[in-house]
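The values are calculated or read from the model by the stated rules, or taken from the named source; none is laboratory data. In this text the structure is predicted, and so the values were computed from the model without any measurement. Here Cβ is always computed from backbone atoms with ideal geometry, including for glycine, and neighbour counts include all displayed protein chains.
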Amino acid sequence: MRGGWAKIVGMAQAKANSKTYDVIVVGSGAGGGVAAHVLSLAGAKVCMLEAGGWYDGTKQSDMFKWPYNAPHRAAETKDKPFGYFDATLLGGWQVPGEPYSNASGTDWKWWRARMLGGRTNHYGRISLRMGPYDFKPYSRDGRGFDWPITYEELAPYYDKAEELIGVFGTHEGLENTPDGKFLPAPAPRGYERLVKLACDKIAVPCIPSRLAILTRGIHGRPACHYCAQCGRACGINANFNSPGVHIFPAIKTGNLEVRTGAMAREVVVGRDGLARGVSYIDKKTRGEVTVNAKVVVLAASCCETARILLNSKSSQFPDGLANSSGLVGKYLMDTVGSDVDGYLPILEDLPPRNEDGVGGMHMYMPWWHYQDQKAGKMPFARGYHIEFGGGRGLPDAGRVRGTGRILGGGYGVELKRNVRKMYGAGIGFSGRGEMIPNADSYCDLDPGRVDQWGIPVLRFHFKWSQDEILQAKHMQDTFKEIITAAGGKYFTDATAENNWGISRGGEIIHEVGAARMGADPNTSVFNPYCQAWDCKNLFVTDAAPFVSNADKNPTLTITALGWRTSEYIAEQVKKRNL
Amino acid sequence: MTEKSGVSRRELFQIAGSVPALAAATAGAGVAQTHDTHAGAYQRKVFDEHDWHTVHVLCDLIVPADERSGSATAAGVPEFIDDWLDFRKQEDGHDDLTAQMLGGLAWLDRESSRLFGKAFGGVPVDQQKQILDRIAWPERAAPEDRRWAEFFSQFRDLTLNGFYSSKVGIADLPYLGNTAVEQWKGCDPAVWAKIEERMKNGYKGLGGEVKRWG
């Protein structure tokens, strides 16, 4: 493919403006990374625009540092909402000078990481394939919409994605929970083995988790050394992150140029209605720069991509680019979340051991009520998986708590002795479930506000439906059941009044679907290859084209879908269709 | 957890907390630094001389030295608390937690003076404990002491967090990670044997009784 591109695109390019790239990729996270990787390796000359700064985890990670050497024991702050060591360079729930607004009655949270690689530097590395049902949810239960593609169509790209980024797991053959090309799964920790036995009692499946962390060296990257701090970014590139896995190898081809501090404002459209390039603000100079290309790939993150499209207004496209369906920004989804804390006395006072493991769970529970839902026996549609964590973790701000709840109080030598015994017996369960897209959840441009670059900002509108709220209740009930089956105590503030502790929209940081793909230009923004119906040289490789938001965390599907889209772009160039 | 899958690791690991996350000193003048390298360098931000003394006394009543490790003050916990209160004030935009802690300390002095004729920091340990015994177990506290029991619970959480996130406290627990492991083997057989034995025979722990695993 590389040769093909050089021959066709390269020759055409020689005649054109020397500053015209084959492809501009806006964004450097999972979606931008995979597009730049696949297209650069295919021989395209790619210019990547990243709104944040340069980041290389192998040089900048805080791996192995101790909280007692950090400000306030590495506590969470407004500037660092996930704590001092979190890899996020600049951003979080707020980005300085780049606000967003919430419509009345909406309490949306939007996490942005302004840095090379975006959120892939700190995310949980959970890598679950969507299953066959997940691509056709409307056909299955009459709610939401079907994807224009099937699991079988995306499966080869899941294979490629897993083989490149490295995902551990086991072959289980469970319903709608496809197995993948897995590296060996790490053995479970003690509390995980115990919870698995508790789940056996109540017939909840508990299987090895699937995370993008190397348990064996691949592609010149070493295996994990099990320090459990993946959220700080990995100093040895043993977990998936877009810079270390997608971008740096792409730069080595000589085909990828990365511009940081480049805040994309608008896709520039020519008189022919095709994308001509992208205008961005150079954050250093605050000046506007236009970069030209034959193909534009947006991967700025779901909502930011919608924002760029809505801001790309022209006489041909007065409502924003690719928006003839009126669906840009619409049907925004997040993941349903609800948590219960627990305490398992059986884990008290065990022989001290290092039980760090990888940066995340070694076991998890995939959804198990597919047949009950099909039979109409459940009060809500769509499922969730369960994540859990506990053990003798790194003591930082807030680690030792609950002495009041477990001991009833105390002080002195006896308290000290008790805390040692209690250390490692705490546990937490979190549900991560599917939200059905609804017309009340969307983003549009705030009519009055702009950011410091002069770009109109997004305004969010968001509502959970009864399905999500009842799903959160089911999570609560299940977690209590598991904890009780393990002989423990549970603690939760969730009640019917607070909708069973359901997370705020955006809080789980799985926002997807603001510019969905489909088979019909009247009811979708992108075609089945994530190519804009209204503008054939405009593509998207982030989560904006998602049609639904299965409980399978989005990053692996972004990677697989982005890979497929990038291959399609390369083929279309070869066929001279672009 | 994020994600972080969105799940905050911290949320997952909290045992059952009821107060905001607690933590420690600044990079330049932190607990560890105070303890390990810059002894005496800490500049107080919240407590005055009198309260500073009371905080030392109270911290060491909560976490005294024992056969395994030193006391709270040896681990720099007073410095941690002083810094934490100042930090919360900056982060929260109000000083409610500081007010609560200073107010609790003032009550300890008032109550001690009323009962024993001297401020809390100046009376013998058994008299100090007489007061603490009334407020250290909130469920047992008399109605008129409940407010002060709430104060004490918060102060205790601050002390425990400062202590167990310090180098001294980490060695005390002990936490044995944050290091490179050549080969991950999963749950240690000795640990699992103990869990299995408890499943077989049942176990009575601090957090209640676990019945035999049926």
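Values computed for the structure shown
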item	result
Residue match in segment B:164-172 (condition: surrounded by fewer than 19 Cβ atoms within 10 Å (Cβ to Cβ), touching a helix residue (DSSP H, G or I) at 6+ places or on another chain (Cβ under 9 Å) and at pLDDT 95 or above)	yes
Considering residues of segment A:428-473 that are of a type in the set (Ser, Thr, Tyr) and closer than 18 Å to A:TYR331 by Cβ only, the residue surrounded by the fewest Cβ atoms within 10 Å (Cβ to Cβ)	A:SER465
Those residues of segment A:505-539 which are touching a residue at least 24 places away in the same chain (Cβ under 8 Å) and among the charged types (D, E, K, R), in sequence order	A:GLU507, A:GLU511, A:ARG516, A:ASP534, A:LYS536
Any hit, segment A:365-381, residues being closer than 25 Å to A:ARG193 by Cα and at the interface with chain B (Cβ under 10 Å from one of its Cβ atoms)	no
Any helices (runs of 4 or more DSSP H) falling wholly within segment B:56-160 and containing at least 2 residues that are under 19 Å from A:GLY408 (Cα atoms)	B:125-135
Contacts under 9 angstrom Cβ, first residue in segment B:79-91 being more than 9 Å from chain A (Cβ to nearest Cβ) and within 17 Å of B:LEU58 (Cβ to Cβ), partner among the aromatic types (Phe, Trp, Tyr) and not in a helix (DSSP H, G or I), 6 or more apart	B:GLU79/B:TYR42; B:ILE81/B:PHE47; B:ASP82/B:TYR42; B:ASP82/B:PHE47; B:LEU85/B:PHE47
Pairs with Cβ under 6 Å, 6+ apart, first in segment A:143-161 and under 26 Å from A:ARG125 (Cβ atoms), second surrounded by fewer than 18 Cβ atoms within 10 Å (Cβ to Cβ)	A:ILE149/A:PRO528; A:TYR151/A:PRO132; A:ASP159/A:LYS181
Total residues in segment A:508-560, condition surrounded by fewer than 24 Cβ atoms within 10 Å (Cβ to Cβ) and of a type in the set (Lys, Arg)	1
Per-region count, segment A:423-457, residues closer than 24 Å to A:ILE508 by Cβ and more than 20 Å from the chain's Cα centre (by Cα)	9
In segment A:309-326, residue surrounded by the most Cβ atoms within 10 Å (Cβ to Cβ) [restricted to those that are under 26 Å from A:PHE145 (Cβ atoms) and touching a strand residue (DSSP E or B) at 6+ places or on another chain (Cβ under 9 Å)]	A:LEU309
Flag if A:ARG112 is surrounded by fewer than 24 Cβ atoms within 10 Å (Cβ to Cβ), touching a residue at least 24 places away in the same chain (Cβ under 8 Å) and among the basic types (Lys, Arg)	yes
Of the criteria (1) surrounded by fewer than 24 Cβ atoms within 10 Å (Cβ to Cβ); (2) of a type in the set (Phe, Trp, Tyr); (3) under 24 Å from A:VAL400 (Cα atoms), which one A:TYR68 fails	(1)
Residues of segment A:166-218 satisfying the condition of being buried (at least 24 other Cβ atoms within 10 Å of the Cβ), assigned to a loop (DSSP other than H, G, I, E, B) and facing another protein chain (nearest Cβ under 10 Å)	A:ARG189
Extreme residue, farthest from the other protein chains (Cβ to nearest Cβ), among residues of segment B:128-182 that are among the hydroxyl-bearing types (Ser, Thr, Tyr) and closer than 15 Å to A:ARG399 by Cα	B:THR159
Residue satisfying condition, being at negative phi and not charged (D, E, K, R), within set B:GLY186, B:GLY208, B:GLY122	B:GLY122
Segments classed as strands (runs of 3 or more DSSP E), wholly inside segment A:406-499, with at least 3 members that are at the interface with chain B (Cβ under 7 Å from one of its Cβ atoms)	A:426-433
Members of segment A:240-266 found to be in a strand (DSSP E or B), more than 21 Å from A:ASN323 (Cβ to Cβ) and out of contact with any Leu (no Cβ under 9 Å at 6 or more places or on another chain), listed by number	A:GLU257
Qualifying strands (runs of 3 or more DSSP E) (wholly inside segment A:267-348; at least 1 residues being touching a residue at least 40 places away in the same chain (Cβ under 8 Å) and within 14 Å of chain B (Cβ to nearest Cβ))	A:336-343
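Rundown of residues vs (1) away from chain B (no Cβ under 13 Å); (2) assigned to a loop (DSSP other than H, G, I, E, B); (3) small (Gly, Ala, Ser), yes/no style:
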{"position": "A:ALA44", "(1), (2), (3)": "yes, yes, yes"}
{"position": "A:CYS47", "(1), (2), (3)": "yes, no, no"}
{"position": "A:LYS59", "(1), (2), (3)": "yes, no, no"}
{"position": "A:LYS65", "(1), (2), (3)": "no, yes, no"}
{"position": "A:TYR68", "(1), (2), (3)": "no, no, no"}
{"position": "A:THR77", "(1), (2), (3)": "no, yes, no"}
{"position": "A:ASP86", "(1), (2), (3)": "no, yes, no"}
{"position": "A:GLY97", "(1), (2), (3)": "yes, yes, yes"}
{"position": "A:ASP107", "(1), (2), (3)": "yes, yes, no"}
